[in-house]
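J.: First, the structure itself, so that you have it in front of you.
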Amino acid sequence: MTDTFPGNRFLQHSGARYPLIQAPMTWIARAPLATAVSKAGALGMLETSSSDIEITRREFAAIRAATDAPFGVNLPILFLRQNEAMEERILEFLMEQKVRFVTTSAGNPRRYVERLKAAGVIVYHAVPSLEGALKAEDAGVDGLIVEGAESGGIRNAEEVNSFVLLQAVRERVTLPIVAAGGIVDGRGMAAAMALGADAVTMGTRFVASHESPVHANYKAAIVAAGVDGTMMLPRPPRAKMRVLRTRASVAMADGVETQGRVSSVIEALYVGGDVENTAGSAGQSAALIHEVKSVQAIVDDTLSGFWQAIDRLAALRGQHAD
């Protein structure tokens, strides 16, 4: 099995071995998971949603101590700007540490892109729409994370699924694209690249890994989810969120105890394992996840499946040659 992707722009930007990123999920995407992903040859991502410089320093140092492999950091603009002093400290710390690859999300990347690029940082911005992609390109980012409506967590109110969104963005934008939403394996990776992506992101797939820090009950709920195992909830004022279909999330859809349920997720679900009384984030890809595996197995199986899909498609050319 070859593991080379000659000329891949994402790999040139990130330094990773494979064109595969672990999504920067709140609380989950810290040192244990990000380190395992980077060691496996993909790109581990550290989240900074807590807006706490001490947590960022601690988790960053833990990853650096555990591996020499490249990793990246996500800056969720909406959350960080709520504490501008802490936001500034986190930015300064990352530039001091000479971070190579950063993703921005949940806001206008112009807030950071000029300073980060001046410091030699590669910046990719997460977008849920063609309009967002065009604005991010105009802001000067180096690449895009294109998130389809299949993704878990907070989503754009106007849903566009990956199959259409990837093609729409690729028609108009020349930047490298990382596809996010609905991808858990090599078939999904091959499909995304056929639609114009240079790399793919997995979130829910890595939540259901041995190295993921969440409670085993949460992982089991992802594995047990069927094709209708997730649902969308309103996220006022202008967003939605995709979560597991549970007793609590169904009640929340009817307007029952919405805020309390959302705010309890980390302690009640991630730590405590209470699935039915919380609304845990999960993408529609949960329906394609059938077991909890190690990060290394997930990456290896994805790459193996990718090349099998590519070989199958290549064989079609021979079958129909003139």
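J.: In this structure, is Glu171 assigned to a loop (DSSP other than H, G, I, E, B), charged (D, E, K, R) and over 11 Å from Gln22 (Cα atoms)?
T.: No: the conditions fail for Glu171.
J.: Any residue that is among the hydroxyl-bearing types (Ser, Thr, Tyr) and under 22 Å from Ala119 (Cβ atoms) - is there at least one of those in the range 56-67?
T.: Yes: the range 56-67 contains one or more residues that are among the hydroxyl-bearing types (Ser, Thr, Tyr) and under 22 Å from Ala119 (Cβ atoms).
J.: For the range 1-118, which helices (runs of 4 or more DSSP H) that fit wholly inside it have 2 or more residues that are of a type in the set (Lys, Arg) and within 22 Å of Gly132 (Cβ to Cβ)?
T.: So the answer is 110-118.
J.: Of Val169, Val200, Val173, Val127, which residue is buried (at least 24 other Cβ atoms within 10 Å of the Cβ), out of contact with any Ser or Thr (no Cβ under 8 Å at 6 or more places or on another chain) and farther than 25 Å from Thr48 by Cβ?
T.: One residue alone meets the criteria, Val169.
J.: Still on this structure, please answer the following. Pro70: modelled with pLDDT of 95 or more and either over 19 Å from Thr174 (Cα atoms) or surrounded by fewer than 17 Cβ atoms within 10 Å (Cβ to Cβ) (or both), yes or no?
T.: yes
J.: When residues of the range 1-58 are filtered for being among the acidic types (Asp, Glu) and either touching a Pro at 6+ places or on another chain (Cβ under 8 Å) or surrounded by 24 or more Cβ atoms within 10 Å (Cβ to Cβ) (or both), how many remain?
T.: 1
The values are calculated or read from the model by the stated rules, or taken from the named source; none is laboratory data. Here the structure is a predicted model, which means the values were calculated and not measured. Every residue, glycine among them, receives a Cβ derived from its backbone with ideal geometry; neighbour counts consider all protein chains shown.
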